[in-house]
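The values are calculated or read from the model by the stated rules, or taken from the named source; none is laboratory data. Just so it is clear, the model here is predicted, and its values are computed rather than measured. A quick note on method: Cβ atoms are made from the backbone with ideal geometry, for glycine too, and the neighbour counts reach across all protein chains shown. SASA here: full protein model, heavy atoms, side chains in, ligands and nucleic acids out. Shrake-Rupley method; radii C 1.70, N 1.55, O 1.52, S 1.80 Å.
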Amino acid sequence: MIFRNQIAQLIELGDFMPVLGILGPRQVGKTTLIKEYAKQLEKDWVYLDLEKPSDARRLLDPELYFSSNQDKCIIIDEVQLNPELFPTIRAFVDENREPLRFIILGSATPHLLRQSSESLAGRVAYIELFPFSLSELPEMDIQRHHFLGGFPNSILAKKDRQSSIWLDGFIQTYVERDLPLLGMSASPQVTRRLWQMLAWQSGGLLNASSIGKSLGLTNHTINNYIDFLEGAFMVNRLPPYAANIKKRLVKAHKIYISDTGLMHRIIGLNDYDELFGSPLLGASWETYVVQQIRAETPNDYELYYYRTHAGTEVDLVLTKGFKPTSCIEIKFSSTPSITKGFQIGIEDLGTVQNYIIVPQGEAYQLRKDVTVVGLRSFLNQILKTL
């Protein structure tokens, strides 16, 4: 059993919240996590998987089922398949707001589960479960994790070929079944082509107009489809930081595939050697680092990037209360230097603790306010102390 970082957050929120929501992509380990957590509970619990017809039938009359199990913690997996449950859950919680009445697991964000957001407002706390992060796999070779990604069935496969087969099947299932179930109206062929284009753009500015022209679709339609991909945890958009900056700023979002194992399979890379010789290496490394930091960043911090039309650029800006605290440059290099754009970005944002993240190595200072550090050291020794 690999210890997940979210277990501490589960324990904290479970002490007082009546409903916990565990959200994340399919096959990321939500069910395994919650069953391990449930074993520690002082109250009895029942588990229902709405993909199983027998369990779905139990909730044909949810009021009757909830009444029969009102002294237990009711765990409902793949809850997005029956969003009509949320008003009934709300009614039972309002009758008795004791902690852990329900735990709901889903493969879509609250944005796609609008009924949950509306019905359970003030009653539910959401936790996002990411693929295995580097800090959760302390013995893992960083190159292997970078290339295969963090989905359990990919990174824990005995052979790389097995990982590739699993990732191909995962991508096909999402394209042909899961996204249509969430309401995405694009054909599987269009969805796959869009996902491939986003994979090639990963780490760069999102250009919906260019993608739309290639697919023969409007910007509005492309952005709507990307909303679904983001809501299903397949991509992330990184917004620009723009507060109180008196310069012409780039305002487009950056786009990232949510897992580099998926990114590499979508593009068609077969092994790390192919990646190492590819012009996509820098973008892949940036995608990997941003997703690792995103999975580990404390909840009171936000992530942005910063770029001006004059060429100033910061790959990642950490903010707290919307105030910049750190500028981060991401380099696939063992001997990085401070670029002019990064230096100006630090001056513009006024940050005093700044980092250049490289694949490996102990931390050392290039100057008083800029530290070069390997990714694992950054995650374990710097990010966790914020």
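Observations on the structure shown:
- Projecting the Cα atoms of Ala243, Ser209, Ala232 onto the charge dipole of segment 193-271, computed from C-beta unit charges around the Cα centre, puts Ala243 farthest toward the positive end.
- Summed over all non-identical Cα pairs, the Kirkwood treatment of segment 108-160 gives a radius of 13.5 Å.
- The 1.4 Å probe gives accessible areas that order Glu274, Glu362, Glu139, largest first, as Glu139, Glu362, Glu274.
- Cβ-derived FRET efficiency at R0 41 Å, Ala310 paired with Ala363, nearest 0.05: 0.85
- Rounded D (µm²/s) - segment 128-255, Kirkwood Rh over Cα pairs, Stokes-Einstein at 20 °C, 1.002 mPa s: 129
- For chymotrypsin sites (Phe, Trp or Tyr not before Pro), the sites in segment 1-68 that DSSP calls loop and that have at most 12 other Cβ atoms within 10 Å are Phe3, Phe16.
- With only Cα atoms counted, the chain has Rg and Dmax values of 21.7, 66 Å.
- Segment 98-201: Cα Rg divided by the 2.2 N^0.38 Å rule of thumb: 1.34
- The chain, accessible surface, carbon-and-sulfur percent (1.4 angstrom probe): 49
- Mean-position separation - Cα centroids, segment 346-368 and segment 1-78, in angstrom: 41
- For Ile104, the residues whose modelled amide H falls within less than 5 Å of its own, excluding neighbours fewer than 5 places apart on the same chain, are Leu20, Gly21, Ile22, Ile76.
- Once the Cα gyration tensor of segment 246-386 is diagonalised, semi-axes √(5λ) in Å: 24, 18, 16
- Debye intensity ratio in log₁₀ form over the Cα atoms of segment 1-53, taken at each q of 0.13, 0.19, 0.23, 0.26 Å⁻¹: -0.34, -0.74, -1.09, -1.34
- Of the residues Trp200, Trp195, Trp166, the one with the largest accessible area comes first in the ranking Trp200, Trp166, Trp195, computed with a 1.4 Å probe on protein heavy atoms.
- Accessible area (Å², 1.4 Å probe, nearest 10) - Met17: 30
- Calculated diffusion of segment 144-200, Stokes-Einstein form, Kirkwood radius summed over Cα pairs, 25 °C and 0.890 mPa s, µm²/s: 198
- Reference-scaled alpha-carbon Rg (2.2 N^0.38 Å with N residues) for segment 32-100: 1.09
- Only lysines eight or more places from Lys251 in sequence, or on another chain, were considered; those with a Cα closer than 29 Å are Lys213, Lys320, Lys323, Lys331, Lys340.
- 19 Å Cα-Cα reach of Lys254 towards aspartates and glutamates, excluding residues that sit fewer than 8 places from it in its own chain: Asp227, Glu230, Glu286, Glu302, Glu313, Asp315, Glu329
- A probe of 1.4 angstrom, applied to the heavy atoms of all protein chains, finds Leu50 with accessible area near 20 square angstrom.
- Expected 222 nm ellipticity per residue - DSSP helices of 4 or more, -39500 (n - 2.57), all of the chain, to 500: -11000 deg cm²/dmol
- Ranking Gly261, Gly14, Thr312 by how far each Cα lies toward the positive end of the dipole of the chain (charges on Cβ) leaves Thr312 at the top.
- Reachable lysines, given that their alpha-carbon falls under 27 Å from the alpha-carbon of Lys39 and they are not under 8 places away in the same chain: Lys30, Lys52, Lys72
- Alpha carbon convex hull of segment 31-155, projected area averaged over orientations, nm²: 9.1
- Rg [Å, one decimal], Dmax [Å, integer] - segment 187-232, C-alpha atoms: 9.6, 26
- Reported to the nearest whole Å, the Cα centre-to-centre distance from segment 293-329 to segment 190-266 is 18.
- Two-site label geometry, Lys52 and Glu36: point separation in nm, points 7 Å out along Cα→Cβ: 2.1
- For the chain, the longest principal axis of the C-alpha atoms and the axis of helix 281-296 are separated by about 50°.
- More than 20 angstrom apart: percent of Cα pairs within segment 307-386: 27
- When DSSP beta bridges are restricted to pairs lying wholly in the chain, around 45% turn out antiparallel.
- Given R0 = 35 Å, the distance between the Cβ atoms of Ile142 and Asn207 translates into a calculated FRET efficiency of 0.70.
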